[in-house]
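Structure first, commentary second.
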Amino acid sequence: DAKTTQPNSMESNEEEPVHLPCNHSTISGTDYIHWYRQLPSQGPEYVIHGLTSNVNNRMASLAIAEDRKSSTLILHRATLRDAAVYYCILRYAGGTSYGKLTFGQGTILTVHP
Amino acid sequence: NAGVTQTPKFRILKIGQSMTLQCTQDMNHNYMYWYRQDPGMGLKLIYYSVGAGITDKGEVPNGYNVSRSTTEDFPLRLELAAPSQTSVYFCASSYAGNEQFFGPGTRLTVL
């Protein structure tokens with residue numbers, strides 16, 4: 001499985017934008033880029049995913065580099081509720097993948113009031 | 001919709017005991033997954049199922065068994081509990097391998 005590299009931790013102030021980077025230099029053409037987050041003592045929660053084009057939803061934006069070897073999750077205005085571990089995951093979309101996700105250690109995001 | 005529910009929330013087992021972790025989803029999802037998460041680590045896939053009657057091993061299946069007799073339920077069985085199985089267990093479901101919805105987890109301690 002192709003791997004991702006994320007910083008161990010990042011910090012932000014409340015109401016400021018946050019850019020969470022992810023490197024995935026071995027990504028293949030059939031890999032989707034997924035982001036999940038895990039709040040303390042909870043199960044992971046889907047945030048966003050994309051293949052080639054930038055994506056926006058109500059939670060965040062995903063900016064994907066033109067060569068697809070890196071991506072950035074953008075939280076436009078961080079709140080205290082966004083403090084979590086953020087996982088960048090490549091999901092192989094081939095026929096026998098069955099949506100399996102391989103979680104790394106993620107980025108711990110701390111949001112300061 | 002309740003989404004994905006897991007029981008129990010917490011459990012303490014003695015070495016060698018057995019137990020079943022329950023997982024139910026009401027979203028009519030065909031795919032279901034069991035993960036474990038050790039302290040400070042990411043989740044690791046134990047078993048998954050792509051439909052009733054079909055299961056397959058994930059990354060760390062040793063010491064566990066699963067069954068999928070209905071679309072809704074995907075129980076995880078530990079036959080001979082060992083301290084190495086102390087972890088938080090998460091069940092998840094998805095439709096055709098897309099976005100996964102996770103349950104709240106079961107915190108298991110084996111002493």
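The values are calculated or read from the model by the stated rules, or taken from the named source; none is laboratory data. Note that this is a predicted model, so its numbers are computed, not measured. Don't worry about glycine lacking a Cβ; one is built from the backbone with ideal geometry, like all the others, and counts go over all protein chains shown. Heavy atoms of the whole protein, side chains included, go into the accessibility calculation; ligands, DNA and RNA do not. Shrake-Rupley method; radii C 1.70, N 1.55, O 1.52, S 1.80 Å.
Bridging of residue A:3 to lysines at a Cα separation below 23 Å is possible for A:69, A:100, B:44, B:57, once same-chain residues fewer than 8 apart are set aside.
With K and R counted +1 and D and E -1, the other residues having a Cβ less than 14 Å from that of residue B:46 yield a net charge of +2. Inverting the pair-averaged 1/r between distinct Cα atoms of the protein assembly as shown gives 18.1 Å as its Kirkwood hydrodynamic radius. Put a dot 7 Å past the Cα of residue B:96, heading toward its Cβ, do the same for residue B:84, and the two dots end up 3.9 nm apart. Largest GNM mean-square fluctuation across B:27, B:19, B:41, computed for chain B with C-alpha springs under 10 Å, falls on B:41. Taking A:3, A:100 and ordering them by how much accessible surface each has at a 1.4 Å probe, largest first, produces A:3, A:100. If you take all other residues with their beta carbon under 14 Å from the beta carbon of residue A:42, and give Lys and Arg +1 and Asp and Glu -1, the sum is +2. The residues packed around residue B:89, meaning those with a beta-carbon under 10 Å from its beta-carbon, carry a net charge of +3 if Lys and Arg are +1 and Asp and Glu are -1. For residue A:28 and residue B:56, a Förster radius of 25 Å and the Cβ-Cβ distance give a FRET efficiency of 0.70, rounded to the nearest 0.05. If you run the Gaussian network model on chain B, springs between alpha carbon atoms under 10 Å, then out of B:16, B:42, B:97 the most flexible one is B:42.
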